[in-house]
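Take a look at the structure set out below.
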Amino acid sequence: MPSKRLCYFTSQRVTAYLWAKGELHKEGVFDMSEKGVAEFSRYVAGAPGSLFYVLADMVEEDFFQENIPYVRGADRRALLARKLAQRYRDASLALPLSLGSETHAGRREERILYMSFTNTQLFQPWLEALRSNDACVVGVFSVALIAAQTGKRLGFKGGRYLIVGRQQAGLRQSYIENGRIRFSRLGRVDFSDPRVIAQDCAAESLRIQQYLVNSRILPREAPALDVLVLAPSEHKALYDAACVDSARLQFHVHDLDMVASSLGLKSAPAETLAEGLFLHVLAAYPSGEQYADERLRRFYHLWRARVALLATGAATFAFCLLLSAVRLLDIHQVSEQAQNDRVQEARASEEYARLQTRFPKTPISSDTLKTVVKNYRALLRQSASPGRMFIEISEAVTALPQIEIDRIDWEFGTGAKSAVGREAPRAPSAPATAQAQAAGAEFQTQTAEIAGKLVVQQASDFRAVTALVNQFTDALRRRPGTEVTRTQLPFDINAEKSLAGDIGAARREEVPQFSVVVVKRRGT
């Protein structure tokens, strides 16, 4: 972290301080002359890499309030720049400060307090010395701005109050409203008599209250104004006696050393007055509101960019280290788990081997036993029962009482195997046989050959006999997955043979016999 150097500007001199961990160390005093500027330039050149804060405590300070239209972005910046140029001849050390917004006649406006050092020529040689030495200038601040910051640190975040403090430049009175500076005045005071200083503090506070009321900064009907007086420790009793409450003012006298200690100021040069407190607040609690333009703060912005890059790199590096540590921890845990699994596997193998030695000896090897069990499970999967097929045949026969079943030959196999052992006697059954063969190539089938007889009044009535057999086969075909592959009728109806006229008399005493081959796919 670079060192912080604070430059306290007054009309008579410039005092340089080094601030480190709440301690102020005086490093030099430079007169308002060309020699003083040259010595100050050598001082800045001898402190490369330091952050410079400029705190100005001048009489030439202007405050002016005005309302502007409520705009944002580039339009607001352009409007404020034009307003500053219209009011001040040199706006290089000017600051527009927003005091909030308000509505008038349905129109929203923003309250702006314009602040500027009117005698900017007094600053230019000193600021040029900082600029020519490429100093990292954080900003140019006024005691009025730091007084508002000090009030916030002391717990005065709202309301209206007046901070009165004695610095080397004189008696500073700063009126603060809702945490924002509204007006500040630097008065001359006789440092020779502490009693007179205490009396001037009370009298000047009453005058500033009257001025605020007359200028309509402070409402006339407002209650008594709180006055925060920063009194030196050795003269606090004089301030308590001089600062008497009235209907207009309510005094709060605080020990300057105790206030500084409560804000973290550990030590300061002996001759330092209230400016020591303001310098400490400036270094320890930096504020974003300041007077310097961006040209003067160029190297400070470069330093901030460099710090941001370094911080980003450090954060990225730390994140990578953390991620690597997490990954290493995960690898370590996985390795431990794998090692535990290997140990458990070895123990389980040893236990299994120990248990195997106690098994009874088998007449065959374990590999042969595994093969037998595998084949047995395959046979179980391929086994089938003719029960369901017999139920379907019985249901078809029940509907036709003229048919009597003599024999059923059932076998289990593939469709192709079932079709090979039988030859279709007639041409019409050839497509059915081809279909059964194609099905048998993919599905296991059950084949049943049904042989029976027909109980009819006239055995020679081949039309009636054929109709009964067709009804029976149609009943079987209606079953899901059932196909009739062959039908043997009691008559020989081939076209190669002729029928005689006495065919009926010749077969009158015979009982017609038939046979049907049924194929059913497994699982249907």
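What follows is calculated from the coordinates using simple rules that are stated; it is not laboratory data. Just so it is clear, the structure is predicted and the values come from calculations on it, not from any experiment. Note that each Cβ is placed from the backbone with ideal geometry, even for glycine, and that neighbours are counted across all protein chains shown.
Antiparallel as a % of all DSSP beta bridges within the chain, to the nearest 5?
Values: 73 of 98 bridges.
Taking every DSSP beta bridge within the chain, about 75 percent pair in antiparallel fashion.
Going Cα to Cα from Lys152, which lysines come in below 27 Å? Please leave out same-chain ones fewer than 8 positions away. Cα-Cα hits under 27 Å: Lys4, Lys21, Lys26, Lys236, Lys266.
Calculated over region 300-359, the projected area of the Cα convex hull averaged across directions stands at 3.5 nm².
Taking θ as phi - 60° and the Karplus parameters 6.51, -1.76 and 1.60, the scalar couplings of region 293-304 work out to 7, 5, 5, 6, 9, 4, 6, 5, 5, 5, 4, 5 Hz in sequence order, x denoting glycine and proline. Highest mean first, the peptides 270-280, 155-165, 37-47 sorted by other C-beta atoms within 10 Å per residue fall in the order 270-280, 155-165, 37-47.
Can you give the Rg to Rh ratio for region 235-343, taking only C-alpha atoms and Rh from Kirkwood?
Numbers: Rg = 28.3 Å, Rh = 20.7 Å.
Answer for region 235-343: 1.37.
With coordinates expressed along the principal axes, the C-alpha atoms belonging to the chain extend over 166, 77, 48 Å, beginning with the largest. The long axis of helix 143-153 is offset from the longest Cα principal axis of the chain by roughly 50 degrees.
Excluding residues on the same chain fewer than 8 positions from Lys370, give the lysines whose Cα lies under 18 Å from its Cα. Hits, sequence-local ones excluded: Lys361. Taking all C-alpha pairs of region 70-229, those more than 18 Å from each other amount to 69 percent. Here the Karplus curve 6.51 cos²θ - 1.76 cosθ + 1.60, taken at θ = phi - 60°, turns the phi angles of region 450-464 into couplings of 9, 10, x, 9, 10, 9, 10, 6, 10, 5, 7, 7, 5, 5, 5 Hz, with x standing for Gly and Pro. Look at Lys520, Lys4, Lys266, Lys21 and count the other Cβ atoms within 10 Å of each Cβ; fewest to most, that gives Lys21, Lys266, Lys4, Lys520. For the peptides 111-120, 315-324, residues were scored by their other Cβ atoms within 10 Å and the scores averaged per peptide; the highest-first order is 111-120, 315-324.
May I ask you to give the average projected area over all directions of the convex hull of the Cα atoms of region 1-83, in nm² rounded to one decimal? Working shown, then result.
Numbers: hull surface 35.2 nm².
Mean shadow area of the hull around the Cα atoms is 8.8 nm².
Scoring 210-222, 186-198, 87-99 by mean Cβ neighbours within 10 Å over their residues and listing the highest first yields 87-99, 186-198, 210-222. Here the gap between Thr118 and Thr316, fully extended at 0.36 nm per residue and compared with their Cα-Cα distance, gives a gain of 66.5 nm. Calculated FRET efficiency, Ser287 to Tyr70, Cβ-Cβ distance, R0 = 35 Å: about 0.90 to the nearest 0.05.
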